[in-house]
Amino acid sequence: LTFLGIESSCDDTAAAVVRDDRTILASIVAGQTALHADFGGVVPEIAARAHAEKLDLCVEEALTQAGLRLTDLDGIAVTAGPGLIGGVLSGVMLAKGLAAGSGLPIVGVNHLAGHALTPRLTDAVPYPYLMLLVSGGHCQFLSVAGPDQFTRLGGTIDDAPGEAFDKVAKLLGLPQPGGPSVENVARSGDARRFALPRPLLDRPGCDLSFSGLKTAVLRQRDELVTAQGGLHEQDRADLCAGFQVAVAEVLAEKTRRALALAPAPVLAVAGGVAANETLRTALQTVATNAGAAFLAPPLRLCTDNAAMIAWAGIEAFHSGQRDGMDLAARPRWPLDQNAAPMLGAGK
Ligand code: ATP
Ligand code: FE
């Protein structure tokens, strides 16, 4: 099977062609960072317009790179939610148009399922496995037992970790995206200099919280500024190091608990924050101690892309899913239908 994947749920316009033997024939990602830079966040209206303008070009380029025509494919997978509705609609409408013209079946994919199934695109990981999704917009533990069998074990009750990294960078005057800046500056820092909180560690379960940690960094910064009139380079480094270690420690401990709740031979991560070395090392240790393998897909497949959507579409198609012209675009779409509405899903 060969599938086209279409992704447009946030600020990346993406198209990909993927085969069911795990070959990625093409994966095009057109970011919108520059378009939103002046606004301090993703502007839904601008995002929707950019998706509408660029989606068909991305699809064309993906097909050209794969050396295939639409009629050579077996299906079209498209992100049908959750996300910014204007973007999701652009993708779903395009998929319907392409399907109407070619007679190919459509498979509507949950964006989070795309992230959660990525370990099976990069490696032959058997079900079940534990997935930690850590990005700019999401943070949750999922036990993955099949292409549509997800159990949410816990997640953030406020900010996502990537969001916290970005806000900490902002309040320390470091460039965006905050994750890489904070990680860089933290290299020369002493993580023990400031006593930062470890939110929710004293509470049972796998839920997380990052907004208090961010506020604690803000308070420390203000104290330093009041006391010495500004921040020294070393202060910044120490705050970044302390913050980063706190995030890693909390995520590691909650991951340990998640693995105890849902034992699995593989612990996998996805999302941009999974690029963080301190976090990776901490998670590797947790996995090893639980007798599990640790799997972190390459960064380009950890962040938003359409290859993961094509793959999730292939898996869903294999298990019988077919959608029609009535496929709906859904701004909210919890993966685990039994769980309470997703928290921390927005930015
Ligand atoms: P989502 O896909 O959940 O809607 P998103 O598109 O913002 O959210 P990603 O593209 O997966 O998320 O990841 C971007 C986030 O990852 C940013 O918040 C960024 O700061 C963070 N990030 C990137 N690299 C690092 C790093 N080395 N350490 C920590 N965080 C990082
Ligand atoms: Fe995403």
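Just so it is clear, none of the values below were taken in a lab; they were calculated from the coordinates. Since the structure is predicted, the reported quantities are computational estimates derived from the model, not experimental observations. FYI the Cβ positions are ideal-geometry reconstructions off the backbone, even for glycines, and counts take in every protein chain you see.
In the chain, taking the dipole from charged Cβ atoms about the Cα centre, the farthest positive-side position among 13, 132, 106 is held by 132. Cα centroid separation, the range 52-82 to the range 220-243: 48 Å. Considering helices alone, the calculated mean residue ellipticity of the chain at 222 nm is -14000 deg cm²/dmol, with DSSP H runs of length four and up weighted by -39500 (n - 2.57) and normalised per residue.
Considering only beta bridges that DSSP places wholly inside the chain, some 60 percent are antiparallel.
Prolate is the label for the range 217-338, because a/c, from the alpha-carbon gyration tensor with a ≥ b ≥ c as root eigenvalues, is 1.5 or above and a/b exceeds b/c. Counting only Cβ charges, +1 for Lys and Arg and -1 for Asp and Glu, the dipole size of the range 201-347 around its Cα centre is about 200 debye. Angle check, please: helix 111-122 long axis (alpha carbons) against the longest principal axis of the chain (alpha carbons), in degrees 0 to 90, nearest 10. Roughly 80 degrees between the two axes. Here the range 88-142 yields Rg over Rh of 1.10, to two decimals, using C-alpha coordinates and the Kirkwood radius.
With the gyration tensor restricted to C-alpha atoms of the range 1-63, the semi-axes of the equivalent ellipsoid amount to 26, 10, 8 Å, longest first.
With contacts taken as Cα pairs under 8 Å at a separation of at least 6 residues, the range 94-192 carries a relative contact order of 15 percent. To the nearest Å, what is the center-to-center distance of the range 138-208 and the range 96-128, using C-alpha atoms only? Taking the Cα centre of each part, the range 138-208 and the range 96-128 sit 27 Å apart. Only the Cβ atoms of Lys and Arg (+1) and of Asp and Glu (-1) were treated as charged; on that basis the dipole of the chain about its Cα centre amounts to roughly 600 debye. In this calculation the C-beta distance from residue 285 to residue 56 is compared with R0 = 51 Å, giving a FRET efficiency of 0.65.
To the nearest ten degrees, helix 307-318 and the longest principal axis of the Cα atoms of the chain are 50 degrees apart. Counted over the chain with a bin width of 20 Å, the fraction of Cα pairs per bin, in whole percents, is 32, 55, 13, 0. The label-point distance for residue 74 and residue 45, in a model that sets each label 7 Å from Cα toward Cβ, rounds to 4.4 nm. Please label the shape of the range 27-183 as rounded, prolate or oblate, based on the square roots a ≥ b ≥ c of the eigenvalues of the alpha-carbon gyration tensor (a/c under 1.5 means rounded; beyond that, a/b larger than b/c means prolate, else oblate). Here the range 27-183 falls in the oblate category.
For the range 107-245, what does the convex hull of the Cα positions come to per residue, in cubic angstrom?
130 Å³
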